[in-house]
Each structure stands twice: as structure tokens, then as C-alpha cells.
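We did not get these values from a lab; they are worked out from the coordinates using the rules stated. None of the values given here were measured: they were computed from a predicted structure. Because the Cβ atoms are built from the backbone with ideal geometry, glycine has one as well, and the counts that use them run over all protein chains shown.
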Amino acid sequence: MIQDPNIHYLDNAATTMVAPEVADVIDKAMREHWANPSSLYAPGARSEEALNAARAAVARTFGCKPKELYFTSCGSESNNLALLGAALTRKFGKGIVVSGFEHPSVQKPLERLAAMGYDVTVVNPRADGTLSIDEMLEHVDKNTILVACMMVNNEIGTRNDVERLAAEVKRRNSRTIVHVDAVQAWMRVPIKLDNIDTLAVSGHKIHAPKGIGALYLSDRLVQAFQPPYLGGEQERGLRPGTENTPYIVGLGLAAAKGAKNLSDRNAHIRALNAQLRTGLEELSQQAPITLNSPADAVPEVLNFSTNCVNSQTFIEYLSGRHIYISGGSACDKGEPSHTLMAMGAPDLAVRTALRVSFCGDNTPEDVQALLDGLKDGLKELQHI
């Protein structure tokens, strides 16, 4: 989507560019579906029809019923809604189990619940960035009300077997709510909802705009579910506030568009990832580069450490060459990677980590520009 061949945007895990056709349909919806979808007159009914069509389009990518799909403002809100709602809904115990490399929108709500007296068990990833599902299951018992685990890690690309986790959790305690943050998984890996109760996604990771997300809430749970905030009857009373119809319409189009070419896009991105891995291996003759992403991580994310140049220094250097990558989660605002620290990575690896994240619009030229920039930067920048 970037027309300038001199710009190389490789930070798609932070956000993606809005697809032109998505921007166009949002602009059209702003002019045609301006009415409140809860209003009973004709323009309101037309807005509601557009909203329902988008809901059905998004639901198809999950394989769920449209009525199990609730629109929110973002993935972070979806996570908060699910997690805090789970604590309000399940009163039989205080146990919570969560992986140790979750997004802050999962970490922080659970830290608050821990401060309120909940027994939160954190299972850190292994040193290679993988997560032991068996270790998480060891902590599930009759008092466990919630298990939370992301499907794909946002910093290193680890793909967690949440399907197995959910199935085994339900065997141990059928009343335990299983929540999955799928923000980095949606449109990257297939989503199977069996035994998963709640699942969060975000629009701006799939070429829709910022400010729109969704939460899957299983029909198995909806009657008992207690949302953490209250208001009107929008979204079946579970997410109050007038729906953002234009952005919802845009999300529906982005979801439908993304689902059509998933396999072709995946093959293209795998090739880019392989090109980068090969180039980094060659550069390891010049610097002690180590890969932080597991070998079986999703191809969209590759995290590595130079072990010699500060992350922010390298990011600024590459930015001067119109090459845009990150040091980790954008939501951490430049703070050291909590994922790498949870893995027990050496301090030098944490301080020199870089994350590259691809989308279907990236090209081999983008990867080569990055490799050239890394090669020059390793020569020119001060080592630590």
C-alpha cells in the first residue's frame, strides 16, 4: 500500500496501514449510515443493517454465530471486558492462571485482580520463547475461575496451543472460563473456538483503522456473564455505548478481504521471513546476533538481538533511512521487553532486541533494505 519504494515499513505487529478500499467504505458509511443504529426510524434501521452485515462478515472468520460477536473499541478493551467480566461472573473460587508473556491489557487487569485478593499464577515461557501448556494445566483445579493465554505472542511470535489448553482446562474444571488474546493471531493462523469462552481481536492489525475491535463471547457463557461496566442496551447490553458503525463496516470489509487470501499471504510472508533469517545468519559473522523468536514462531514476527547496539539507537538509525521496525511491543512505549525478561534472556539481549513484523504488502526489497541498514549500522554505530 505504500507507494514510495524508499519507505520500508516493517512494524506491522504495532499497526498496519488502513487498506484503501477499507478507508473508502468507511468514508461512504460516514455519509450514508450516519444515523444511530438503535433508532427506530428508517435511517437508523439502515445503519443497523450495515452493522449486522459487518458482524456476520467478522463472525465468519471466527466460525461463530454473529450473535456471539461483540464490537469494542480495540483489542485492549476486549481483553479488559473479558477478564474483569470473568471475575464478576465466576464466584466459586479465586484461582487464575495466565502465561507470563501476555500483552499489558491482560497483565494489568490480572495484576489488579491479584491486588483484590485473587490467586493469580503466572507461568513464564521457556528460555527458547515457547510456553509449556502442561505447566499451565498443573495449576488448574476446582478453584480456578479463569485461564488466560495469548494465541500468538506480539513480541517474538510464539504460537501457543490454546486449543489443547482450552480442551484440557475444561476436562479439569468445566466451569473455568478460558480467555484467548488473538490480536496477533487473527488473519495469520486459523482460529478454532472449541472450548474457548472469550477471544479478543483488533482491527488495526488487519488493515482496518485504530479504534475498532471485537470480542467473541460464547453462547455457553453469555447468560451468566457480568460485564464490568454498564449503560445502554447496545451489543446486547454487554458493551454499552453507541456503536461506531462506519468503523464496524470497515472492519467487516477488512476481515472478509483478509480471509480470502490467507494461504497465499502466509506463503509470501514465510519467504520474507526466511530471507531475513538467512541475512541475519550472514550478519552474525559481523556481530553476535541471536534470534529470540522460536523456530516455529509465526512468520509475521521475527525478534533478534544484535548484542552490541542499543535497540533505540538502531531504531533511530534505521528510521533515518526510512526503515521502520521496533524494539518490542508498541504499547510498552520503549520499555524493556517483558517477554524477553520473562524468558530469562540476558540483559544485553534485552537492551539490544529488535522486532521485525511483516504483512502481505511487504516485499523482498523491504527485507534487503533492512539487511543493508543493519550491516551499515553495525559498522557505524557505537557498540555497548
Notebook entry, point to check: Which value in nm describes the separation of the simple spin-label points at Ala56 and Ser263, placed 7 Å from the Cα toward the beta carbon?
Noted result: 2.6 nm
Note to self: Within 15 Å, Cβ to Cβ, of Thr245, how many net charges do the neighbouring residues add up to if Lys/Arg are +1 and Asp/Glu are -1?
What the structure shows: -1
Checklist line | Cross-link reach list, lysines versus Lys379, counting only Cα pairs under 29 Å and skipping chain neighbours closer than eight places | finding: Lys333
Next item on the list: Taking amide H positions as placed in the peptide plane 1.01 Å from N, state which residues far from Val309 in sequence (5 or more) or on other chains have amide H under 5 Å from it.
Entry: Ile384
Notebook entry, point to check: Helix-derived [θ] at 222 nm for the chain: sum -39500 (n - 2.57) over DSSP H runs of at least 4, divide by residue count, nearest 500?
Noted result: -12500 deg cm²/dmol
Notebook entry, point to check: To the nearest 10 degrees, how steep is helix 364-380 against the longest Cα principal axis of the chain, on a 0 to 90 scale?
Noted result: 50 degrees
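Relative to the present Cα-Cα distance, how much length would full extension add between Ala23 and Lys192 at 0.36 nm per residue of separation?
57.9 nm
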Notebook entry, point to check: Mind checking the angle between helix 245-260 and the chain's longest principal axis? C-alpha axes, 0 to 90 degrees, to the nearest 10.
Noted result: 60 degrees
Checklist line | Calculated from backbone phi, Karplus (6.51, -1.76, 1.60) coupling profile of the range 283-299 in Hz, x at Gly/Pro | finding: 5, 5, 6, 9, 8, x, 6, 10, 8, 9, 7, x, 4, 9, 5, 4, x
Item checked: Cα gyration tensor, the chain - rounded (a/c under 1.5), prolate or oblate -> oblate
Checklist line | Label point distance in nm, Ser38-Glu135, each placed 7 Å from Cα along Cα→Cβ | finding: 4.6 nm
Margin query: Compute the distance from the alpha-carbon center of the range 284-358 to that of the range 87-131, in whole Å.
Written below: 25 Å
Notebook entry, point to check: Near Lys375, which aspartates and glutamates are there with a Cα under 14 Å away, not counting those fewer than 8 places off in the same chain?
Noted result: Glu281, Glu282
Next item on the list: Please list 294-300, 218-224 highest first by mean number of surrounding beta-carbon atoms within 10 Å per residue.
Entry: 294-300, 218-224
Check: What list of ³J(HN,Hα) values in whole Hz, one per residue of the range 74-89 in order, does the Karplus curve 6.51 cos²θ - 1.76 cosθ + 1.60 (θ = phi - 60°) give from phi, with Gly and Pro shown as x?
Finding: 4, x, 5, 5, 4, 4, 4, 4, 5, 6, 5, x, 4, 5, 6, 8
Next item on the list: Within the range 1-96, list the trypsin sites (Lys or Arg not before Pro) lying in a DSSP loop whose Cβ has at most 14 other Cβ atoms in a 10 Å radius.
Entry: Lys91
Note to self: Taking amide H atoms as placed 1.01 Å from N in the peptide plane, list the residues 5 or more away in sequence, or in a different chain, whose amide H sits under 5 Å from that of Ser99.
What the structure shows: Val123, Ala148, Met150
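What ranking do 352-358, 163-169, 188-194 get when scored by the average of other Cβ atoms within 10 Å per residue, highest first?
The most tightly packed comes first, giving 352-358, 163-169, 188-194.
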Check: FRET efficiency for Arg46 and Leu283, Cβ-Cβ distance as r, R0 = 51 Å, nearest 0.05?
Finding: 0.35
Notebook entry, point to check: Short version: ³J(HN,Hα) in whole Hz for each residue of the range 304-317, in order, from phi by Karplus 6.51 cos²θ - 1.76 cosθ + 1.60 (θ = phi - 60°), x for Gly and Pro, what are they?
Noted result: 8, 10, 7, 6, 8, 10, 3, 3, 5, 4, 6, 4, 5, 4
Margin query: Which lysines, if any, have their Cα less than 25 Å from the Cα of Lys94, not counting same-chain residues under 8 positions apart?
Written below: Lys108, Lys142, Lys170
Margin query: Once you place label points 7 Å from the Cα toward the Cβ at Gln223 and His383, how far apart are they in nm?
Written below: 6.7 nm
Check: Helix 20-32: angle to the longest alpha-carbon principal axis of the chain, degrees 0 to 90, nearest 10?
Finding: 30 degrees
Check: What are the residues whose amide H is under 5 Å from the amide H of Ser293, where those residues sit 5 or more places off or on another chain and H is modelled from the backbone?
Finding: Asn303
